Amino acid sequence: MSSRFINWFKFSSPATFYPLAGRMVPVFSLIAAALIAVGLYMSFFVAPTDYKQGEGYRIIFVHVPAAWMSMFIYLVMAFWAALGLVFNTRLSGMMTRALAPTGAIFAFLALWTGAFWGKPMWGTWWVWDARLTSELILLFLYLGYLALQGAIDDNRRADRAGALLVLVGVVNIPIIHYSVKWWNTLHQGASVSISSGSSMSAIMLWTMLIMALGFWAYTIAVALSRVRSIILEREADTTWVQELAEVRS
Amino acid sequence: MLEVAGLACVRGDRKLFSDLSFSLQAGELLHLHGHNGSGKTTLMRTLCSLVRESAGEIRWQGESIHKLGEEYTREVLYVGHKNGIKDDLTGVENLRVSSALDGNPVSRERAWEALEQMGLRGHEDLPSRVLSQGQKRRVALARLLLNRSRLWVLDEPFTALDVAAVDFLQSIIQRHVESGGMVILTTHQEVRITREQVKELRLGWKEDGRV
Amino acid sequence: MFSAFRTLLGRDLLLAMRRRSDLFTTLFFFVIVVSLFPLGIGPEMNTLRMIAPGVFWVAALLASMLALERLFAIDYEDGALEQMLLTPQPLSLLVLAKVLAHWLVTGLPLVLMAPLLGLQYDLSSEALGVMVVSLLLGTPALSLIGAIGAALTLGLRGGGVLVSLLVLPLYIPVLIFGSGAVEATASGLGGQGHLSMLGAILVLSLLFAPLAASAALRISAE
């Protein structure tokens, strides 16, 4: 047991993690490209036309996985944040930081595609739907984290302050979500919600899952390569970085 | 009493010191030397548990100071670059508030007396805003007369003080050390405590400084 | 332990009394923002009655956020904060004392002023009563949650704008239930449910916000 434990901490050191991440990035990039290509093909050509919503509904194959990912990434960030605060490992802060921009992009993508979907379906770009509103608040949380990171010069403080903020956010997300939901039902706004418009066929669900997995692989690839740059930046003084082939050349 | 083992501190991207080890017994004074930017202040703040060390351990009576928490901070008195006194409060009020927060409330008379000993006669009841730099420093240092902490961590305590005040402060420090207290201080002045209780530690001298 | 709580509370109130001009800035901000809306929207009483809960609560949110900057900043600059971290007292208790003093100085006057301003919006006396209760429950929660943001942004450039980015999303539940309570009362539905949710949020933030804020203070004071 204990030997396995030590192994984990060994990989939490930037010097061992850097080459490992370097090997993982191309693998996950390929997986992401393949899955997203298959997913897009299925969403455009295999999935049947929805009898109520027409062709426009196909955007949910991007919208729903993006929304899933934006939430999932926040949870992963919270996991790394907790790990970093408890074990004081340097890598955790770097991982949290590397994931945040991707999470923000997915949240933005979900909102954007939501608007594109809303225009033909509801006739407006924006509806104060509970899910869309929660997604917007999630985007604000991501932006707050990024702004805080940008404002702090000291890396260690940035990591720990960011971790605390993410944890506070993750505790608050359910409260925010339920309050928005209550607010929404109370005001009897447009209670149409995406993806509950019609019963989903199995093929639609599969397409969404494939797209979600593709986004997931993409997230891993991007986050890892971002972590690699962060490691290089922060460990620039150390001998192991200066001995790297890509640094010396 | 206070043991430091393998301590390392990083500020920003810069390693200030690493693998620093020393120990301090009751009745000893540690005089930190080092040029500007060598990490004296960071070391002192680390020893107070204000800054978290990036490697190594600090033990108080054999226990990690982070485990001891408030039991350790009770034993420590820190005077830093900032005086920690409120401009809108009078000297007496400042002193009584900080003593109460330190866990030993003092009477108005006792605070008044301490300020007089520090040479602030006639200024006890003025808002600290109107005091000079040196007088503010004296208000901050008056805590030394009231506090029961065993470990004093004094960062440049003599700055802005005149000769008489420096002499008085040195005698207080000496008394504290002789009665079994511990002192860690930085100063560019000579410390005139003649017995062999003075340890010296130089930072930034070599890669690592040891006592 | 509680004598330390009382000491710090007393000190902060005394400091506020010696700087009375600071006391009124938040209150005036609240009054001005609330009074600006009729000028922007028009004096139609039915519209005003309808938007009043939202206007009051958004103004309270902004006022409380504006006041956050002063919560720890002065202590940080003059070194009182690091002395606070080194006292043998539980830090979250000291944070609670500071937040309470802060709320008494910036939040409570706003709560007391609200019914007077409510007259501008022609609110019924019942709605005014619920407004006061909702603000009484909600604004302390705002101060508590805001303390986390204030502690995290201590000493950073652009701290004031940054704190709003961090804190405003977290304020949303309080906004929803606070204005919801007044609105529900005004429309005859009764605001009990909303008020109890606000109470629950206040209890939760009393339990957790001081802990999070003290952790943030330790990070920022390094």
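The values are calculated or read from the model by the stated rules, or taken from the named source; none is laboratory data. Because the structure is predicted, anything quoted here is derived from the model rather than measured. All Cβ positions, even for glycine, are placed from backbone atoms using ideal geometry, and neighbour counts span all protein chains on display.
General observations
- Number of positions in region C:162-175 that are at the interface with chain A (Cβ under 7 Å from one of its Cβ atoms), buried (at least 24 other Cβ atoms within 10 Å of the Cβ) and either touching a Phe, Trp or Tyr at 6+ places or on another chain (Cβ under 6 Å) or over 28 Å from C:G79 (Cα atoms) (or both): 2
- Within the set B:G27, B:G6, B:G34, the sole residue that is touching a strand residue (DSSP E or B) at 6+ places or on another chain (Cβ under 7 Å) and over 30 Å from A:I231 (Cβ atoms) turns out to be B:G34.
- Which listed residue, of B:L16, B:L20, B:L29, is more than 10 Å from every other protein chain (Cβ to nearest Cβ) and either aromatic (F, W, Y) or under 22 Å from A:I152 (Cβ atoms) (or both): B:L16
- Inclusion of C:L202 among residues that are within 12 Å of chain A (Cβ to nearest Cβ), under 30 Å from C:L86 (Cα atoms) and not basic (K, R) is not warranted.
- Residue selected from region A:149-163 under the condition of a type in the set (A, V, I, L, M, F, W, C) and surrounded by fewer than 24 Cβ atoms within 10 Å (Cβ to Cβ), by the criterion nearest to the other protein chains (Cβ to nearest Cβ): A:A151
- Test: residue in region B:186-208 that is at pLDDT 90 or above and aromatic (F, W, Y): no
- Only helices (runs of 4 or more DSSP H) whose full extent lies in region C:1-105 are considered here, and the ones with at least 2 residues that are hydrophobic (A, V, I, L, M, F, W, C) and either touching a His at 6+ places or on another chain (Cβ under 8 Å) or away from every other protein chain (no Cβ under 14 Å) (or both) are C:20-41, C:45-78, C:91-102.
- Where C:G188 falls short, out of the listed (1) more than 9 Å from chain A (Cβ to nearest Cβ); (2) without any contact (Cβ under 8 Å) to a residue 60 or more places away in the chain; (3) in a helix (DSSP H, G or I): (3)
- Here region C:115-161 is the region considered, the condition is being farther than 30 Å from C:Y76 by Cβ and part of a loop (DSSP other than H, G, I, E, B), and the residue that is nearest to the chain's Cα centre (by Cα) is C:L123.
- Here the helices (runs of 4 or more DSSP H) wholly within region B:102-192 that include at least 2 residues being touching an Asp or Glu at 6+ places or on another chain (Cβ under 7 Å) are B:108-117.
- When residues of region B:60-101 are limited to those that are more than 10 Å from chain C (Cβ to nearest Cβ) and in a loop (DSSP other than H, G, I, E, B), the one farthest from B:L154 (Cα to Cα): B:G62
- Region B:127-152 - residue that is out of contact with any helix residue (DSSP H, G or I) (no Cβ under 6 Å at 6 or more places or on another chain) and among the hydrophobic types (A, V, I, L, M, F, W, C) and, of those, farthest from B:H31 (Cα to Cα): B:V130
- Residue within region A:172-185 that is modelled with pLDDT under 80 and at negative phi present: yes
- Some residue of region A:104-121 being within 14 Å of chain C (Cβ to nearest Cβ), surrounded by fewer than 19 Cβ atoms within 10 Å (Cβ to Cβ) and part of a helix (DSSP H, G or I): no
- Reported count of residues in region B:44-59, each being within 13 Å of another protein chain (Cβ to nearest Cβ), surrounded by 18 or more Cβ atoms within 10 Å (Cβ to Cβ) and either out of contact with any Cys (no Cβ under 8 Å at 6 or more places or on another chain) or not in a loop (DSSP other than H, G, I, E, B) (or both), is 7.
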